[in-house]
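Here is the structure we will look at, set down as structure tokens.
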């Protein structure tokens, strides 16, 4: 059994061991706390670093999103501004080199004001001549201001004498009178012509039956022949010249005492269209003899019939109409967006319209390829136009409209002003060259285009290759440039043919005649009705183009066709106008010439000022 000393020594050893272990434990706890503190700091730093990285990534992402939103907002603002301008702004596409220069409309109905403007133009010309050290031109003789209240001499005059009484003028000598003219009018009049065929019988009965003069056999518009061609001519003129729907024609005619039903007006219109159809076919042949034909199209609403029309083997359009209408009925539609096409002869002054149930290439192909046309189609870069050269095996080539190309730069001007000003300036020069060439013969115009226009196009090509590398693929300016480069051959084709116009604006303006009427017609009732409308529109539009009094011309055409005449050459609107100069709207001709003269003067002064800067 251990003694007390051993127990004491063992106790002391255990105490020392306990102290050592406590010290070791304290050392380990201190080391662990130090490691824990270090790890905690590392984790805290890593966490803070990760938070900073995520915050930076989030901020960068938000900045990118904000940038995209700002670009989208700016794009929407630009599109909104363009839409507002298209609806409310002035429709002119004029461009002035100096963006800070305000546009002044130097035209007015005030003759005195126009004379002052003419003086100002002459002053600018004299100043420009002085800059060039050239002797100034002698000032033009001022046009005397026309007196007000003068009316054409051919008008019927009712004379009203206002004189002194016999007592007041006793002993006085009459030296003349002061005329005061006042224009009056009365509403159009209708009257009925009753033709009486007298009947006789022989009382002696030697001549049996009733004796009566032979009745004139002639074609009428509707059964019974109750309507003269003058009435039908007014219906056609008001319908397609003044764009009046049938219900307004009822009011117009009702003021004069005759209120026709709408079905009567429709029947008379349809009958006149069928009468005119052979003459329309003749005009079609005349236009196809031209070397350059401009074309454009616009939409009209075609109501769907209850029964799908069949396919007529003699009508190449019927197959496409059957296909489109069948598909629309299957889809439960009530109408389809049909198309009115305009075809304008450049040297043959005739406008033609065509109707198709869709904007399919069948329209241009039927008009140009199937008819055997050989020449140039002037139009926009719609696929049916651009591919017609391949489909016609080179017989028909496409010339593009430069107004479309220029319009792209005009719309992109606000996004890239420097590029826009360059391209619009080039197009301004090209239009100035065309303005000078308009009064030249074909050979001189071709020489002018090849000597001056070619240099402008080369300058545009070099600028595109070297100065537009900063543009992004989706920029409006880049889209406008792509349009020009992709259609370069078609846009410059006019430089190899003096008869090809620089743009297709004349054909595009024909779409206004459809658009104005479309707001009144609202829809086309059937394919047959659409075709009949194109025949009548072609007649009226060609008369307007040749500055004829439409109703007089249409009446003469109807009378000639009713009489069985096939002398279509005499009825051509340009030939008819030469043979009947008294029925030409000379005021329209003078108005157009005056407008072109003012435009040429302004462009001439602008060219002169550009040369001096």
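Every number in this text was worked out from the coordinates using simple rules, so none of it is lab data. As the structure is a computational prediction, the values presented were derived from the model and not from experiment. So basically every Cβ, Gly included, is an ideal-geometry build from the backbone, and we count neighbours across all protein chains shown.
Structure notes:
- The distance between label points at residue 333 and residue 183 comes to 4.8 nm (points 7 Å beyond Cα on the Cα→Cβ vector).
- Nearest 10 degrees, 0 to 90: helix 262-288 Cα axis against the chain principal axis: 80 degrees
- Label-zone membership for the range 335-353, site residue 574, 7 angstrom Cα→C-beta point, backbone N under 14 Å: 344-352
- You can think of it this way: the chain between residue 289 and residue 225 has 19.3 nm of extra reach, that is 0.36 nm per residue less the Cα-Cα gap.
- The angle separating the long axis of helix 476-486 from the principal Cα axis of greatest extent in the chain is about 60 degrees.
- Separation of alpha-carbon centers, the range 570-586 and the range 224-289, rounded to whole Å: 20 Å
- Computed over every Cα-Cα pair of the range 375-475 and binned at 10 Å starting from 0, the pair-distance distribution P(r) comes out as 13, 34, 36, 16, 1 percent.
- For the chain, the 222 nm mean residue ellipticity estimated from helices alone, with every DSSP H stretch of n ≥ 4 adding -39500 (n - 2.57) and the total spread over all residues, rounds to -18000 deg cm²/dmol.
- Here the alpha carbons of the range 165-305 define both size measures, Rg and Dmax, at 26.9, 85 Å.
- Relative contact order (%) - the chain, alpha-carbon pairs under 8 angstrom, separation at least six: 15 percent
- Euclidean distance of C-alpha centroids, the range 404-449 and the range 310-324, integer Å: 43 Å
- Additional length obtainable on full extension of the chain from residue 522 to residue 16, 0.36 nm per residue less Cα span: 170.8 nm
- For the chain, dividing the convex hull volume of the Cα atoms by the residue count gives 455 Å³ per residue.
- Inter-label distance, nm, simple model (7 Å from Cα along the C-beta direction), residue 588/residue 505: 1.9 nm
- Using alpha carbons only, the radius of gyration of the range 528-613 set against its Kirkwood radius gives Rg/Rh = 1.24.
- Normalised by the number of residues in the range 258-405, the mean separation of alpha-carbon contacts (under 8 Å, six or more apart) gives a relative contact order of 23 percent.
- FRET efficiency for residue 469 and residue 443, using Cβ-Cβ distance with R0 set to 35 Å, rounded to 0.05: 0.30
- Length gained on full extension, residue 44 to residue 482, computed as 0.36 nm times the residue gap minus the Cα-Cα distance: 152.0 nm.
- Pairwise FRET efficiency - residue 27 versus residue 56, Cβ, R0 = 35 Å, nearest 0.05: 0.25
- As a length-normalised measure over Cα pairs under 8 Å and 6 or more apart, the relative contact order of the range 417-500 settles at 36 percent.
- Rounded tilt (10° steps) of 550-562 against the dominant C-alpha axis of the chain: 60 degrees
- Rg/Rh (Cα only; Kirkwood hydrodynamic radius) as it applies to the range 417-500: 1.02
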